[in-house]
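What follows is a short report on a single structure.
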Amino acid sequence: MLIADKMEELTCGVFRWEGFSPDHRVELTSHAVVTQGRLFCFDPIPLANDPFDELSRRAVPAAIVLTNENHERDAALWRERWQVAIWAAPDATLRLHDVKHFLAGQTEWEGWRLHWLPGGAGGELAFRFAGLSLVVFGDAIVNLPKRGLELLPEKYCCDQGQLRQNLRRLLQEPFERALMAHGQPIPESASTKIAGLL
C-alpha cells in the first residue's frame, strides 16, 4: 500500500509529500498550503501518522481539493479525519459521493483564483494564490525526475491543443512557484519555464 512516510516544507506554509505508485507507474505528489491560518490540501495520497499529525497542527483544515477527476487518491480518508469538504470541478467524473463542486466558470474561491484548463484530464483545474506567487497544477504540467518538465502527454489529454491555449491564458499573469501532482516543484521563474513548453 502506498503511504508517504515523510513530508517536506518547501517554503513557509507550503508542504509536499509523494510516493511511487506501482499501479500507475509514476510518482504521486500531494501538497498542502496554509493561507490566512487555514490549510488547503491538494490531491492527497496517504501520509504516515507522524507527518499527518504535524501537518494537521499547522493550521485549521479548510478543504480537500481535487485538481482533476483522476486524483481521488486518499481524499475520502482525509475527509473523514479532517471533517472538511472535498471540492472538485463539476465536470470531474468521480466515484466519491458528497463532493462539493465549484461553479462552472468560477474564478475566485476562498482566497484562491481558479484557472479552468479544458483539454487536460477531465475536470482539470489549477489554483493560484497571489500572496505566494504560487500556482498549484494537477496533471496539466508534470515534472518527473526521469523526464523533466513537460506538458501532459497527448495520450492523457482530452485535447492537448486546447490545453496549450488555456495554459497560455494562465501565463498572462507571471508567477514564481509551481506545484504539480506528479513530480518536483518549480521554486522560481515558474511561468517563464512553463511558457517554454508551449
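The values are calculated or read from the model by the stated rules, or taken from the named source; none is laboratory data. Computed from a predicted structure; not experimentally measured. Note: ideal-geometry Cβ built from the backbone for every residue, glycine included; neighbour counts use all protein chains shown.
Observations
- When Glu72 is tested against (1) touching a residue at least 40 places away in the same chain (Cβ under 8 Å); (2) part of a loop (DSSP other than H, G, I, E, B), just one condition goes unmet, and that condition is (1).
- Filter pass, Pro44 being on the phi < 0 side of the Ramachandran plot, surrounded by fewer than 19 Cβ atoms within 10 Å (Cβ to Cβ) and modelled with pLDDT of 95 or more: no
- Region 128-165 - residue that is more than 17 Å from Gly196 (Cα to Cα) and aromatic (Phe, Trp, Tyr) and, of those, nearest to the chain's Cα centre (by Cα): Phe129
- Test result for Val60, more than 18 Å from the chain's Cα centre (by Cα) and under 24 Å from Leu114 (Cβ atoms): yes
- In region 160-193, residue nearest to Pro145 (Cα to Cα) [restricted to those that are of a type in the set (D, E, K, R) and touching a helix residue (DSSP H, G or I) at 6+ places or on another chain (Cβ under 9 Å)]: Arg177
- Condition met for Ala104 (out of contact with any Lys or Arg (no Cβ under 6 Å at 6 or more places or on another chain), at pLDDT below 95 and surrounded by fewer than 20 Cβ atoms within 10 Å (Cβ to Cβ)): yes
- Among the residues of region 68-88, some residue qualifies, meaning at least one is touching a His at 6+ places or on another chain (Cβ under 7 Å), closer than 25 Å to Glu173 by Cβ and aliphatic (A, V, I, L, M).
- Annotation: of all residues in region 6-23 being assigned to a strand (DSSP E or B) and surrounded by 15 or more Cβ atoms within 10 Å (Cβ to Cβ), the one that is modelled with the lowest pLDDT is Gly19.
- Residue tally, condition part of a helix (DSSP H, G or I) and in contact with an Asp or Glu (Cβ under 9 Å, 6 or more places away or on another chain), over region 25-49: 0
- Unmet requirement for Ala178, which otherwise passes all of (1) assigned to a helix (DSSP H, G or I); (2) within 30 Å of Arg57 (Cα to Cα); (3) touching a strand residue (DSSP E or B) at 6+ places or on another chain (Cβ under 7 Å); (4) not acidic (Asp, Glu): (1)
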